[in-house]
Amino acid sequence: MLLCGSLVGRAQTVDSAPVGEDRTLEELSAEVEALKQKASGWDKLLARMPKVSGYLSLGYEWADDGTSSFYVKRVRMSLSGDLVPKLDYRVQIEFATPRVLDVYLRYRPFTQLNVKLGQYKIPFSIENTEYTPLKFEFIEYPLALTRLMGFSETVGDKSLKATGREMGATVYGGFLRRDGYCILNYDVSLFNGAGLNTKDDNKSKDVAARLIVRPVSALQIAGSFYRGEAGTEYLKRLRYGAGACYDEGPVVVRGEWIGGETGIQGSKSTFRSSGWYAMGGWRVLPSLMPVARYDTLLANTSEASSRQTNYTLGMVWQPWKFLRFHLCYTYEDYKISATNNRNVVSAMIYASF
């Protein structure tokens, strides 16, 4: 009897153990599922939060005309994110000379047709949009781009320092998709033409258009057009350009020509400008690239003395993803007799986050 009682008690103990373990596993599974739901909720919340990024560029420049200076070139912060699927936004602020650079909404329903509204880079030339400062191989942009596309441009009595940006609307897209890129790409835009963060100062709107053909992923061939009227005098501002770029592996080769007509204040006449550049670089190491550029601009084609030509040799060293160093030597050749030629050595450090 004692033996039978012992066996029955042991059997009951063994039978009862799995029931308790089953209840514990169910509780743990419920807790895990609750944690998953909380994590999913946090993921959705974080996905809606803006992505924060930015960079700063600090420079030093020495020239044989007696100038030598450290300076802050850029301090920028960017917020970007998705409002809903296919609708995103971006805000970029410059703190070195405080102003809003980029602020736009972008709707991308199809590869072939997208809309962009706000303030952003004018889709003119390859270099203005495809080679932003964090990708650009030199410290200064070429003369034709800076003098004819709103970086440092004068129209009548107005000075445009708009970093190649304008406020308006753009329709863009691509056709013939192949291996992650489109062979044929287009941009068509309407802009104020008055500069950064500025309402239009006349009734007309500026028109910009660009067509880019990419036979292969690394090669771009582009044609650009811009037509506008500046100020209350409706001074003509006509720009056109063409260029090509090959950038893959160790090799980068790029060249563009930009020309235009600009109205003269108090007159119905215009003057013509023409400039071009050609550059090349070789990535001898993934982090090290020597570069060279020939860059010339005839500000007024009827005056040979208005030509400036820059010869630049440089080195780009990027030891880490978020840190990059530039060193450039430029010989500036001025045809106007009143201006002396210059030898300029400049250095720049970029730190991004």
Percentage of interatomic Cα-Cα distances in the chain larger than 26 Å: 61
With unit charges on the beta carbons (Lys and Arg positive, Asp and Glu negative) and the dipole taken about the Cα centre of the chain, which residue among Ser159, Thr67, Pro133 sits farthest to the positive side? Ser159
What is the set of long-range amide H partners of Gly164 at a cut-off below 5 Å, with H atoms built 1.01 Å from backbone N? Phe151
Distance in nm between pseudo-label sites at Asn202 and Val216 (7 Å out along the Cβ direction from Cα): 4.5
Order the peptides 247-253, 293-299, 103-109 from the highest to the lowest mean number of other Cβ atoms within 10 Å of their residues. 293-299, 103-109, 247-253
When the chain is treated as a Gaussian network with springs between alpha carbons less than 10 Å apart, the largest mean-square fluctuation among Pro290, Pro319, Pro133 is found at Pro319
Against the longest principal axis of the chain, how steep is helix 2-48, in degrees 0 to 90 to the nearest 10, with axes from Cα atoms? 20
Per-residue [θ]222 nm for the chain (sum of -39500 (n - 2.57) over DSSP H runs n ≥ 4, rounded to 500): -5500 deg cm²/dmol
Under the Karplus relation 6.51 cos²θ - 1.76 cosθ + 1.60, θ = phi - 60°, what is the ordered set of whole-Hz ³J(HN,Hα) values for the stretch 190-199, x standing for Gly and Pro? 10, 10, 5, x, 9, x, 5, 6, 10, 5
Under a crude label model (7 Å from the Cα following the beta-carbon direction), how far is Thr97 from Ser78 in nanometres? 2.0
Karplus-derived HN-Hα couplings along the stretch 209-221 (A = 6.51, B = -1.76, C = 1.60, θ = phi - 60°), whole Hz, x at Gly and Pro: 8, 9, 10, 10, 10, 10, x, 9, 4, 8, 10, 10, 10
Around Glu33, under 12 Å between beta carbons, what's the net of Lys plus Arg minus Asp minus Glu among the other residues? -1
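Read-outs: derived from the displayed coordinates by stated rules, not from any lab. All values reported here derive from a predicted model rather than from experimental measurement. Backbone-built Cβ (ideal geometry, glycine too); neighbour counts: all protein chains shown.
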